[in-house]
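Notes follow the structure.
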Amino acid sequence: MTYAGRVSRGRHLRAFFACLYFAGLRPAEALGLRKQDCHLPESKWGRLVVAKSKPQANKRWTDSGEAHDDRGLKHRAENEGRPVPIPPELVTILREHIEEFGVHEDGRLFRTSRGGVISIGTYCEAWQKARVLALTPEQAVSPLAARPYDLRHAAVSLWLNAGVAAPEVAERAGHGVDVLLKVYAKCIDGGAEIANRRIDDALA
């Protein structure tokens with residue numbers, strides 16, 4: 001299916017950005033997401049099994065000679081997927097996306113009008129236009145959510161602040177626990193009072 005004009009392209013990327021925020025996917029992981037990787041029940045939580053990553057690089061440095069390589073996941077053995085539970089909000093968005101746009105012949109949810117892999121420049125341009133529409137002028141010129149990748153950071157921060165155990169967050173995000181705690185240490189600073197209350201409850 002082809003997408004005419006900027007409005008259609010932006011609408012096509014809505015679910016792409018949602019995957020970064022609600023599932024904590026890296027942009028390259030979302031670009032590799034296929035319909036067969038998605039368990040999307042009509043209600044309740046669903047699940048993604050993230051199996052492919054399509055990072056963009058200079059054509060000279062990819063195995064295929066294309067602008068995007070086809071790789072497995074960080075911190076995973078070859079062909080090993082990463083299961084990621086997803087909330088009902090993302091389940092609904094992905095179901096709507098598939099119904100409206102269909103999928104590529106290989107199952108990929110997100111692609112260009114010719115079936116190629118969406119470039120970094122394309123989705124970053126769409127993100128910048130969305131920021132101008134969604135944020136106040138002061139916020140739009142600030143570093144707030146400056147890059148699509150910041151959606152992934154927001155997801156991981158949300159999980160940690162919600163009290164999800166670090167090993168579980170690391171598993172969902174595809175991080176090592178040590179790296180997770182180093183990168184997101186500020187997110188869990190100040191949680192001593194919450195921890196104390198939980199210990200009190202457990203002792204009681």
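The values are calculated or read from the model by the stated rules, or taken from the named source; none is laboratory data. Source: prediction; values computed, not measured. Neighbour counts run over all protein chains shown; Cβ positions are idealised from the backbone, glycine included. Quick note on the areas: whole protein, heavy atoms, side chains included, nothing else; ligands and nucleic acids left out. Shrake-Rupley method; radii C 1.70, N 1.55, O 1.52, S 1.80 Å.
If we scan segment 54-70, do we find a residue that is at pLDDT below 60, among the basic types (Lys, Arg) and open to solvent by 30 Å² or more (accessible area, probe 1.4 Å)? Yes, segment 54-70 contains a residue that is at pLDDT below 60, among the basic types (Lys, Arg) and open to solvent by 30 Å² or more (accessible area, probe 1.4 Å). Of all residues in segment 147-183, which are under 19 Å from residue 16 (Cβ atoms) and of a type outside the set (A, V, I, L, M, F, W, C)? Those that are under 19 Å from residue 16 (Cβ atoms) and of a type outside the set (A, V, I, L, M, F, W, C): 147, 148, 149, 150, 152, 153, 172, 174.
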